[in-house]
Ligand code: NAD
């Protein structure tokens, strides 16, 4: 059994409908044990070249299928993933460190829904038409798929975010070359095994595994990939923008955040506290939409802090496969060290760490002693200019500070380089609308968090991104529009 438990899972690239081995591999870790358990192809130019060639060859047939034909295939794929939901959830939890509960209830159901949603939405788009009767002209727009789409995704919500790109890309008639994060490649590989059965023709979806520097960059620099949809860090996005500039590529960039929660003294704390705990610590705080700056109005500041910290201490950290665990492992040793270093910096600056890292002790099960775990951590009395209030930490760490007026809190909330998401808590309807309008943020949730209608735009302002994705926005991004004028 020892030999069996050490047997490594070996992934292969998926090109032109076939699994193909690679000449070199990268180790992939199980974040909850610290063991290498999987080997991921270390693809480069050659593999990307083969995948782009396959995608180009598949384009003429796939792009001329009717939306209904493509829709049926997407629905079939959704059914197949859903049928294997438990296996996908187990794999995602093991590969990423997230809790099995989160993978079962959020990641994999959403991956399924991404295919169902775009299978449906592709049937309902209409184009524009205008008349110029005085000169005898009719104008209309026509939309067509762009070609080979390059899709690059991060490690925090692996299959969820990859399918959020693959589904609209192929629904619109493009073919794709996708590159998941080298740290979380397993569920994408599992999905490839279902493509043929779903009826996805060979070459329509190609997946090339490997690092950003090699495989990702080869995709971004490939002249036959006119469009790149990227989700990841702002730093990588700047690099991708530079590399794609000589080709004038179309880019969609979904990046980091430093998301505020603004809690007024008339907020319903029985709703606000549990939701703000989730928005701070869900998925170990590794969601781009997670709250990391909590502004609480002075009158309720101490009460909020007391209740919030008491509840944060109840979050159970441990083996992600245990269904009673709330916080799993962080993605890597390096990332854990980075997140911890922010807590140290805050302490050095005189902030107070109220619970978690460095304050409470973390007891882990025997099998998880070498995993990358950390307790939910709440920091108070942090200065707005501190790196903990300015930079994306991307871990289970949240800062709580007091404010006095509406005007003041809007200015402070906006005083970071990011602009992805915000939450506003108040029972004053007028105030909720006023504040939401003035926040520099692509998404504002009032008295709730993370409720999404996929029809509506998703994306960030400022350093949080360029472009929006969602029903109509994804359709527009993944198609090229043409205006045609007819004179009669
Ligand atoms: P990352 O930028 O390091 O990597 C993202 C992807 O880009 C990976 O597949 C990586 O291999 C690839 N990549 C890296 N360098 C590349 C290069 N030079 N050329 C091409 N590809 C390259 O980000 P990450 O650490 O995997 O993910 C965390 C980040 O993602 C956080 O900043 C988070 O906020 C952000 N994120 C944003 C959203 C959103 O929708 N706005 C969603 C989830 C995560």
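When only alpha carbons of the stretch 342-396 are considered, Rg and Dmax amount to 12.7, 40 Å. For the stretch 334-488, the C-alpha radius of gyration divided by 2.2 N^0.38 Å, with N the number of residues, is 1.38.
For the stretch 259-446, what is the percent of antiparallel DSSP beta bridges, rounded to the nearest 5?
Taking every DSSP beta bridge within the stretch 259-446, about 10 percent pair in antiparallel fashion.
At full extension, residue 307 and residue 411 could sit 34.8 nm farther apart than now, given 0.36 nm per residue minus the alpha carbon distance. Rounded to the nearest 10 degrees, what's the angle between the helix 45-63 long axis and the longest principal axis of the chain, both from Cα atoms, 0 to 90? The helix 45-63 is inclined about 60 degrees to the chain.
Each peptide among 302-311, 89-98, 102-111 gets the average number of other Cβ atoms lying within 10 Å of its residues, and from highest to lowest they stand as 89-98, 102-111, 302-311.
Reported value for the stretch 436-476: 75 Å³ per residue, from the convex hull of its C-alpha atoms.
Pull out the extension gain between residue 245 and residue 359, defined as 0.36 nm times the separation in residues minus the alpha carbon to alpha carbon distance; nm, one decimal.
36.3 nm
According to the calculation over all Cα-Cα pairs in the stretch 371-455, the P(r) per 10 Å bin from zero is 14, 44, 33, 8, 1 %. For the chain, the pair-distance distribution built from all alpha carbon pairs, in bins 20 Å wide starting at 0, is 23, 53, 22, 2, 0 percent. Per residue, the convex hull spanned by the alpha carbons of the stretch 54-95 comes to 84 Å³.
Over the Cα atoms of the stretch 186-265, compute the convex hull volume and normalise it per residue, giving Å³.
Each residue corresponds to 167 Å³ of Cα convex hull volume.
Protection proxy ranking of 415-428, 113-126, by the mean of other Cβ atoms within 10 Å over each peptide's residues and highest first, is 415-428, 113-126. Per the Kirkwood formula applied to alpha carbons, the stretch 24-99 shows a radius of gyration over Rh ratio, Rg over Rh, of 1.11.
All of the numbers you see were taken from the coordinates with simple rules; none came from a lab. What you see is a predicted model; the values in this text were computed from it and never measured. Note: ideal-geometry Cβ built from the backbone for every residue, glycine included; neighbour counts use all protein chains shown.
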